[in-house]
1. Using just the helices of the chain, give the 222 nm mean residue ellipticity in deg cm²/dmol: DSSP H runs with n ≥ 4 each add -39,500 (n - 2.57), and the total is spread over all residues, rounded to 500.
2. So who's got an amide H within less than 5 Å of the one on E331, skipping anything under 5 residues away but keeping other chains? H placed 1.01 Å off N, in plane.
3. For the chain, find the longest principal axis of its Cα atoms and tell me its angle to the long axis of helix 308-325, 0 to 90°, nearest 10.
4. Given contacts defined as C-alpha pairs under 8 Å and at least six residues apart, what's the relative contact order of segment 189-336, whole-number percent?
5. Round to the nearest 0.05 the FRET efficiency obtained for T101 and A23 when R0 = 30 Å and r is the Cβ-Cβ distance.
6. For the chain, take the longest principal axis of its alpha carbons; what is the angle in degrees between that and the long axis of helix 121-133, to the nearest 10 within 0 to 90?
7. By how many degrees, 0 to 90 and rounded to 10, does the Cα axis of helix 230-256 deviate from the longest principal axis of the chain?
8. Relative contact order, percent, of segment 76-162 when contacts are C-alpha pairs under 8 Å separated by at least 6 residues?
Amino acid sequence: MSPSPAPTIQRSTDPGTAGGSEAEFPPLLRQIKGQGLLERRRGWYAAGMTVNALALAAVVACVLVTGDTWWTLLLAVPLALFSTRTAFYGHDAGHAQIARTRRRNRLLGLIHGNLLLGMSSAWWNDKHNRHHANPNHLDKDPDVGVGVMVWAEHQAEKRVGFGRWLTRHQARLFFPLLLLEGIALKVASVRMVLSAAGWERQGRARTAEALLLAAHFLGYAALLLTAMSPGKAAVFALIHQALFGLHLGSVFAPNHKGMEMPDPDERWGHLRRQVLTSRNVRGGPVTDWLMGGLNYQIEHHLFPSMPRPHLRLARPLVRHYCREIGVSYAETGLLDSYRQALGHMHRVGAPLRAAKRR
């Protein structure tokens with residue numbers, strides 16, 4: 001499928017908002033639909049998920065065959081790689097990119113999230129959908145809320161104690177801290193599933209979440225303890241989870257950090273809200289594979305339900321349209337994307353470093 005060149009479209013003069021009106025998005029949406037880029041690719045996903053499942057099974061078999069030796073720890077590397085691939089399929093299911101029905105996408109999310117990764121798909125979808133609705137909005141996007149890291153100077157000013165020290169050095173600590181992300185995701189998932197509020201909201205659906213999480217943790221422990229001694233099993237698990245968190249976090253890090261952060265009172269239409277806060281990462285098939293297609297972050301945010309293989313096809317249409325209406329379209333290489341993201345984190349911590357020196 002190869003999209004035809006986009007026609008020239010005049011910039012909207014709708015006076016509804018100073019930041020761009022909702023009238024800017026429908027012409028682009030019509031182009032995308034006209035190219036069939038929102039149509040499901042069930043065969044592509046079926047093949048990809050099958051290959052990923054076989055790869056995971058092969059790694060598990062190798063762990064059992066290699067057994068109680070330190071060489072087995074090397075297998076934590078491919079297991080982390082294909083665990084991240086599993087997370088990408090869970091992500092796509094959460095956006096309804098794979099199947100036509102909500103029920104089937106929900107089932108795929110439970111399999112790839114809860115069962116295979118020990119991550120609650122309901123928790124992830126709730127958090128991630130709030131991010132998509134208001135990316136980089138300090139009051140509404142959970143990804144830029146105050147946590148281990150902070151993303152704006154006014155957040156940094158309120159830090160005290162150890163948190164203040166972290167903020168001063170957060171740029172250099174970012175990638176080391178990602179080594180803990182795999183464990184943090186599991187802890188947050190278990191806490192949500194066990195919370196009283198969670199049970200009140202979802203009832204029987206939460207029971208399925210809890211049972212699949214329990215199946216994951218029991219199966220994971222059984223695999224490692226069957227194959228090796230408790231000490232080696234613990235080291236294997238730490239390496240696996242650290243590399244999984246590092247890989248997954250490295251994929252999401254370049255997408256929005258250092259991009260526009262809307263003022264709480266600013267009203268942007270859908271197109272500007274998604275494009276101006278997102279950054280694409282250039283690359284070829286290897287980059288696409290390692291980043292699960294999320295290097296096309298602008299297209300993904302504009303069309304969350306677009307199947308992953310269509311994102312690269314939508315890119316020239318979106319880029320051309322943004323140029324026509326005068327909206328900045330951010331795209332850079334992988335290393336430069338990290339430089340920009342880390343540079344933003346460094347600037348946020350600058351006032352605290354200056355205060356420390358005084």
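1. Values: 17 runs with 229 residues, N = 358.
For the chain, the value works out to -20500 deg cm²/dmol.
2. Here the answer is N280, since their amide H atoms fall under 5 Å of that of E331.
3. 20 degrees
4. Working: 112 pairs, mean separation 27.3, N = 148.
Averaging sequence separation for qualifying contacts and normalising by length gives 18 percent for segment 189-336.
5. Working: r = 32 Å, r/R0 = 1.06.
Approximately 0.40, to the nearest 0.05.
6. Tilt of helix 121-133: around 20 degrees.
7. Between helix and principal axis, roughly 0 degrees.
8. Numbers: 67 pairs, mean separation 14.5, N = 87.
Relative contact order comes out at 17 percent.
The values are calculated or read from the model by the stated rules, or taken from the named source; none is laboratory data. All figures in this text were calculated on a predicted structure; none of them were measured in a lab. In this analysis, Cβ positions are derived from the backbone assuming ideal geometry, glycine residues included, and neighbour counts consider all displayed protein chains. Accessible surface is based on the protein model in full, side chains and every heavy atom, while ligands, DNA and RNA are left aside. Shrake-Rupley method; radii C 1.70, N 1.55, O 1.52, S 1.80 Å.
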